Amino acid sequence: MTVGDVTTTTNRHGGYVAAGVTPGPATVSADAGDLGAGSAKVAAVTAGSVAKAGPIRVPGTQRMHDVSGTVTDADGQPLRDAGVQLVAESDGDIYAAGADENGRYAVRNVPDGTYTVQVTKAGYVTVTERLEVKDDVTLDRALERNVGAIAGRVLGVGDQPLAGATVTLDGGSDTAVTTGEDGTFRFDDVPAGARSVTATKDGHLSGTDAAVKVRFGETASLTLRLARSIAVANPGFEEPGDAGERSLAGWQVKAEPEAAAVRQDRTGFGGTHEGSYGLSLWSDDAFTADVSQRIDGLKAGRYVARAATYSGMTGTLRLEVRDDSGRTIAEREAPRSDNYVFTGIDFTLPQDGAVTIAIVADGNAADWAVADAVELGYRGMQTAQPGTPDNPDVPGEPGTPGTPADPGDATDGDAADGEGRKPGTAPGLSATGADVTAPGLAALTLGMAGLVLAVRRRRAGR
């Protein structure tokens, strides 16, 4: 290639750059040897700028073509910034262009050949096809929005439909819908990908499935189960105890050294899941801590306990549930994390009584963790009986808060309680695994039911 007194060579695509050209009108000459020569005129070369010359066709070389057209949506509206890409099957060379505000594009200087064409736009379904280029081609394409739908159901105590629950998509209040009498809800025109669905209702723990997979043209289904909230004293560690600002009202604290478990204002130090304070577990040396609270007046049934945890432990951090005798009936280890996640346990209480919820740490030197938003929820009886909250349509005598007939006063809960595949997930928080029931509890429950039945029969025989 020669431009004035500057000579250069073309790259593999036939392009070239000639630097240092004298300003003014110029002629570009191409010499392809045995394939022939050609030239093109440039109106003017301006100092400090780049002038563009038109294509030069050399006899004997491949013919070059344009692939152009318009990209619109399904309603015929132009899609600005849609991308059109041609990949040559022969050598993998790529030719591409973007659409303007009118949806028009033009891919220039495409050699003869066969290409794979992709028409793309964020939020739309990509169109892929094979194209034979032997001349200029007009290629108009309409893209469909890459959306699907989500349909689901919210269930409450005893897996009964929960009407009047608020369901949101990806944490946005502007997406809120309300469940009907049958507990159902639906979202249409949901962008494809992983979505998060959260259900809330006063007096219940909220429930979230943070990994609902939405696919183009399909409806994703899910069920969210909301446990009835049971009061936990000072669940977010906001209230100090009698022993000072760093002590914990409502909680029993055993720690070695003593300062390894304290109430801490974290507004300027890592934050909390909610409020200003959290339970801080830390020491320069190896440490142990057991922070627990007993909750009385519970009736036999299925429950869930959980807490928001933020852990840098190399040792262990656990959430435990203990029975009246102090025996651990369920536990879950909290993961190391770079933010707050919910650690949750599903467990069964085989008879009326109390449970103790405990946050237990066994830390190495310089380990640290924070706990917040401890919650307890009632899922329902082990086996539904007529006239109980599990069968609300059958007349029965309702319980009173804090008595064995009812698990306790309801409090607002905003931790998550999603379907079994993603339990313990809260809005903006990740799940920590599948639900856990203490080993042997199912057998224990059935055994006790049989025992009670046998005793009743013997008394009747007398």
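Since every read-out is calculated from the coordinates, none of them should be taken as a lab result. Nothing here was measured: the structure is a model prediction, and the numbers come from that model. Cβ atoms come from the backbone with ideal geometry, glycine included; neighbour counts cover every protein chain shown.
Sorted fewest first by neighbouring Cβ atoms within 10 angstrom, Arg153, Arg379, Arg186 come out as Arg186, Arg153, Arg379.
Quick check: residue separation of Asp296 and Thr328 times 0.36 nm, minus the Cα distance between them. What number comes out in nm? Mind showing how you got there, number by number?
On the way: separation 32, 0.36 × 32 = 11.52 nm, distance 1.62 nm.
Full extension from Asp296 to Thr328 adds 9.9 nm.
If I take R0 = 45 Å and measure r between the Cβ atoms of Ala74 and Asp352 in this structure, what FRET efficiency does the formula 1/(1 + (r/R0)^6) give, to the nearest 0.05? The pair Ala74/Asp352 has a calculated efficiency of 0.15. A convex hull fitted to the Cα coordinates of the stretch 64-143 yields 74 cubic angstrom per residue.
Label-to-label distance for Thr27 and Ala51 is 1.3 nm, based on points extended 7 Å past Cα in the beta-carbon direction. Close amide-amide hydrogen proximity is noted between Ala334 and Leu317, Arg318, Leu319, each under 5 Å apart and 5 or more residues distant or on a separate chain (H modeled in the peptide plane; Pro and chain starts excluded). Modelled spin-label separation between Ala122 and Lys213, with each label point placed 7 Å from Cα along the Cα-to-Cβ direction: 2.4 nm.
How would Arg12, Arg215, Arg225 line up from fewest to most surrounding beta-carbon atoms within 10 angstrom?
On the way: Arg12 7, Arg215 13, Arg225 24.
The most exposed by this proxy come first: Arg12, Arg215, Arg225.
Show me 297-307, 136-146, 316-326, 13-23 ranked by packing, highest mean number of other Cβ atoms within 10 Å first. Could the numbers behind the result be given before it?
Working: 297-307: 23.1, 136-146: 15.2, 316-326: 17.8, 13-23: 12.7.
Going from most to least packed, we get 297-307, 316-326, 136-146, 13-23.
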